[in-house]
Every structure is written in C-alpha cells, then in structure tokens.
Amino acid sequence: MKLLQTNLQEVETAAELDKMIKENDNVMVCCGRMGPMCIPVYDIMEELEDERSKVKFAVMAFDSPEAGIIRDAKECRSFMGLPFTMYYKNGVVTAATSSIQNRSQVMSIIDEKLCN
Amino acid sequence: MDDIFDVMIIGAGAAGLTAGIYSSRARHSTLILNEGAIGGQMVLTDEIANYPGVENTQGYSLANTMKKQAKEFGCKIKSNIQIKEYQLEGKVKKVSLHDGREFSAKTVILAPGGKPRSLDIPGEDQFKGKGISYCATCDGDFFTGKEIAVIGGGNSALEEAVSLTKYAEKVTIIHQFDHFQAFEHAIREAKNHPRIKFIMESELRAFEGDTGLQKIQVEHLPSGNISEINVEGAFVFIGYMPNTKAFKDLVTLNSRDEIIVDEDKNTSTRGVFAAGDCIPKKYRQVTTAVADGTIAALSASAYLRDL
C-alpha cells in the first residue's frame, strides 16, 4: 500500500528497491514521511525527473518495516533527521544525506556522484 | 525572453498562491516564480486547525490544494528556480534566472515570505540531520531517552520543547534574554514541566561532536563565561527573517528589512505590490498571508485596468 502522496514512484519493499538498483545505473531514493522536512525534497525530485532523465527517482515510506533496508544501512548510522536520502550508482551507495536538502545540494550530488 | 505575463508573482507560499488564484481567476495571464518548495512556511506546519472553513488539515495538504486551485484557473507555476536578477522599474518588469531564462510582466507581486533564522555558528552545517534539527514533529523520535537542547524563547521554542519531552529524557531551553517572548500559557506549561530546564541570557557558540552531535558551547552573556553542555540533539527555533535581500535597492524596506507597503499593498515602485511575511505586520498567520495576497492581486488587477 502506498503511504506517500507524491507523483514519484513509491518503492514498497526491500526486494523492489534491490531490483530498481540492479536495473538502473543511477538511482535516488528519498525515505521519509509526509512531513515538512521531507516534502520539499520530494518536490525537488519531481522537478528533476524531467531534467535528469538518466536518474531513476523514487520514494520509500520511512515507517514501513521494509524501509529497514535504508534505515539500518551503515551509511545512515549517524542520521537523526528525516528524510534519509540515498544515491546509488551501479548498485552501490555513492552518497547519503540526512534531513532537508535544497535544490542545489541535491543537484550537486546528482551531478558529482551519479551523472559524472 | 520566454513569455510576457500580465502578473508575475514572486513566491509560492500562502500569499503568493492566493494572489495566483485571484489573478488567474480574473483572467490575467499569471506566472508564479518560486525559489523554494511550493507552500512556503505552510509546509513547515504539521497541523493547521484554525484555518476557517477547514476543520483540520496538514500544512502540505492546504498548500497542495491552493496550488491545484491556482493551476486550474490557468496560473503557471515554476518552482525551485534560481533567480539571478530583478528589473522592477518601468512598464515592463523583468526577472532573469541563472539558467538564462527571462520572464517579463506588466506588474509584479512580491511574496517571497520569510526563512528560518539559522545560528551561523561552527558545526551547524556539519551536524544538521545528525543531531541538529529544525522540526520536532519530524525528528523528535530519534531522540528518545536522550538529552537535548532547544534554542529560542518564542512560542515555537517553548511549545516544541514541551512536545519533545514525549521522547527526550531531559530538555534544556537556551535563550538569549532574561524573559521569553511567548504566550503566557506556553511559558507556564514549559516552566511547570519537571524535565525542562532553562539557561537564560545565553547564546550558543558552537556545536561539537564526532559522527553526531555530542556537546554544545554556550556563552553566558552577562559574564562572558563559556560552558559546555553534553547533548545529543539540538532543536533550533529562533524565528524567521523576511526574504527580501534581493529587493533592497528595488523597493523601500524598513529597518527590519520588510517591504513597506500602503493599505493596497503598493510598494514604493509603481506596478510592484508586496504581500505576506515580507511586509510589516504584527500577526503572521496563513490567514493574514491569504488576506494580503488577495489585496495585492486585486490591486494589481486595478493597476492593469488603468494602464
């Protein structure tokens, strides 16, 4: 069941995320809630979907048990702010951020770590 | 130049979206340019229970409805853009973006809103999301059983401090003055809470830690003494400032950097109006921003008729 009201693809299971990472070279997944720190990041991702066609954008509900794949990832060990955002290149985590990010912060990670 | 509009609105918070609804409904070609996320500070509000006609809603939901309304009337919205330059003098106003696009319009409504004040002290960027937070509702549960600090002395700081006691073992409120600028009931509730402590007349000087926040440096202002407090979390609620830096030489601002307007929301520049949290006013609510946006749009409409 989808829990996030966005226009982005919502990943519902760990297996689904795993498949997405395997099938796409560049993936950005934002794991959060419908809260004030997360919504601006979803908003930016929705806009970047048109501008960065080489990147697969998706969201995952933070409170889903399946989101443990992100919540418990070693890259997120020190994270204490929603959303947890993961960037995967060729199946490997290449960057991870905690809490709200602005458009230029997201763009700079995408351009430096994914579309380089 | 991509397009020429009747009305160009800068900002897509409650004031900007309302102006967009009224202006496009009046069949003026209308463009909203927004540098941040649509909804402005509305999306930073978890629950809105006092918006007339709407029993109880979430900030993002109200913002989405306003955006939908504006779009349905034909309003164009471009968000998360980066504005390079404004030219507000003359009969045609222009806005240039960093990506090279240019937009022009016969009249402009400035509704850039405000932004949360940051402390701008060492460690703030480093520990954002790793101990430093600006949203108790979002991140409170990461601090279950931990000792945290709340920075600020207004309604948000005191109310959120009480709310954070649901999770945190101990909450220390740090405030620069010897008194709070909050409603009496909020002060009373915080002062009566057994797990809330207060450090008054003090300011933060640094956030410190390793992979996450571990301690803060606090200066007691009357004495100048610096002390260290061990905390794993710090929530910053030190108010908002108007987002008007870009308009400093284009319209008249007051000493608080707010755009001076008359009762019809005219700024000092002909054909340029302002609305919302960027103008001087005592009460900053979604409802007051909506009222400002309405007046600005109707005034812009009257201005267009007289051209």
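Please give the strands (runs of 3 or more DSSP E) falling wholly within the stretch A:39-116 in which 2 or more residues are more than 21 Å from A:E23 (Cβ to Cβ), touching a strand residue (DSSP E or B) at 6+ places or on another chain (Cβ under 8 Å) and within 14 Å of chain B (Cβ to nearest Cβ).
By residue number, A:92-98.
Only one residue in B:R188, B:R195 is without any contact (Cβ under 8 Å) to a residue 24 or more places away in the chain and of a type in the set (K, R). Which one? Full working, then the answer.
Values: B:R195 fails: without any contact (Cβ under 8 Å) to a residue 24 or more places away in the chain.
The unique qualifying residue is B:R188.
Which condition number in (1) assigned to a loop (DSSP other than H, G, I, E, B); (2) in contact with a helix residue (DSSP H, G or I) (Cβ under 7 Å, 6 or more places away or on another chain); (3) within 14 Å of chain A (Cβ to nearest Cβ) is the one that B:V43 fails?
So the condition that B:V43 fails would be (1).
Restricting attention to the stretch B:66-74, does a residue exist that is within 14 Å of chain A (Cβ to nearest Cβ), under 16 Å from the mean Cα position of the chain (by Cα) and not in a strand (DSSP E or B)?
No: the stretch B:66-74 contains no residue that is within 14 Å of chain A (Cβ to nearest Cβ), under 16 Å from the mean Cα position of the chain (by Cα) and not in a strand (DSSP E or B).
When you scan the stretch B:254-263, do you find a residue that is of a type in the set (A, V, I, L, M, F, W, C) and either part of a helix (DSSP H, G or I) or not assigned by TED's automatic domain parsing to the domain that holds B:A26 (or both), even just one? Break it down stepwise before answering.
Step one: list which residues in the stretch B:254-263 are of a type in the set (A, V, I, L, M, F, W, C), which gives B:259-261.
Pick out the ones that are also either part of a helix (DSSP H, G or I) or not assigned by TED's automatic domain parsing to the domain that holds B:A26 (or both) and you get none.
No, the stretch B:254-263 has no match at all.
Quick one: in the stretch B:75-104, which of the residues that are surrounded by 14 or more Cβ atoms within 10 Å (Cβ to Cβ) and within 12 Å of chain A (Cβ to nearest Cβ) is modelled with the highest pLDDT?
Selected residue: B:I77.
Residues of the stretch B:24-56 being of a type in the set (S, T, N, Q), within 19 Å of B:R284 (Cβ to Cβ) and crowded, with 17+ Cβ neighbours inside 10 Å, which ones?
Once the filter is applied, which keeps residues that are of a type in the set (S, T, N, Q), within 19 Å of B:R284 (Cβ to Cβ) and crowded, with 17+ Cβ neighbours inside 10 Å, the stretch B:24-56 yields B:N34, B:Q41, B:T45.
Considering only residues that are assigned to a loop (DSSP other than H, G, I, E, B) and within 14 Å of chain A (Cβ to nearest Cβ), look in the stretch B:206-234 and name the one that is surrounded by the fewest Cβ atoms within 10 Å (Cβ to Cβ).
Narrowing the stretch B:206-234 to residues assigned to a loop (DSSP other than H, G, I, E, B): B:210-212, B:221-225, B:231-232.
Narrowing further to those that are within 14 Å of chain A (Cβ to nearest Cβ): B:210-212, B:231-232.
Values: B:D210: 8, B:T211: 11, B:G212: 19, B:V231: 24, B:E232: 21.
Here the residue is B:D210.
Hey, any hits in the stretch B:13-31 for a residue that's touching a strand residue (DSSP E or B) at 6+ places or on another chain (Cβ under 6 Å), within 14 Å of chain A (Cβ to nearest Cβ), in a strand (DSSP E or B) and on the phi < 0 side of the Ramachandran plot?
no
Using the structure shown, decide if B:E189 is more than 14 Å from chain A (Cβ to nearest Cβ) and among the charged types (D, E, K, R). Can you show your working first?
Details: more than 14 Å from chain A (Cβ to nearest Cβ): yes; among the charged types (D, E, K, R): yes.
Against the criterion (more than 14 Å from chain A (Cβ to nearest Cβ) and among the charged types (D, E, K, R)), B:E189 qualifies.
Looking at B:R270, B:R305, can you tell me which residue is among the charged types (D, E, K, R), assigned to a helix (DSSP H, G or I) and more than 14 Å from B:A111 (Cα to Cα)? Don't jump to the end; show me each part of the working.
Values: B:R270 fails: assigned to a helix (DSSP H, G or I).
Exactly one of B:R270, B:R305 is among the charged types (D, E, K, R), assigned to a helix (DSSP H, G or I) and more than 14 Å from B:A111 (Cα to Cα), namely B:R305.
The values are calculated or read from the model by the stated rules, or taken from the named source; none is laboratory data. Values in this document were obtained by computation on a predicted structure and should not be read as measured data. With ideal geometry, Cβ positions are generated from the backbone for all residues, glycine too; neighbour counts draw on all protein chains shown.
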